[in-house]
1. Any idea how many residues of region 56-73 are out of contact with any helix residue (DSSP H, G or I) (no Cβ under 9 Å at 6 or more places or on another chain) and closer than 20 Å to SER36 by Cβ?
2. Of all residues in region 41-75, which are among the small types (Gly, Ala, Ser) and surrounded by 11 or more Cβ atoms within 10 Å (Cβ to Cβ)?
3. Can you report the number of residues in region 11-57 which are modelled with pLDDT under 90 and outside any helix (DSSP H, G or I)?
Amino acid sequence: MDVTEVCGQEGQAPLGILASAVPPPQRLDGEPVTTSPDRVRNMIDIVNEITGGRGSNFFLFVDRPTLTEHDPLSAAWTSGKGALVGLTD
């Protein structure tokens, strides 16, 4: 199979191949649960930087203390645009 058959653009490797080539401690998929609200804000800032200030609802973040107090389905997650959302919204 040719790379262009998988991703549709000449010269670009499919993301699945790139992600699986990264050693486990440095995986690209990251973990949406982080240590603190400050770290959540930092990750949203990074999403804004990458998207030219538009943010993205593709990403959801939550800190460990929030998940300690709530189950994942009732916890308030923060989208990559900074909005509070629930997983069942």
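The values are calculated or read from the model by the stated rules, or taken from the named source; none is laboratory data. Treat the numbers as computed from the prediction; the structure is a model and nothing was measured. FYI the Cβ positions are ideal-geometry reconstructions off the backbone, even for glycines, and counts take in every protein chain you see.
1. The number of residues fulfilling the criteria is 8.
2. Within region 41-75, GLY55, SER56, ALA75 qualify.
3. 16
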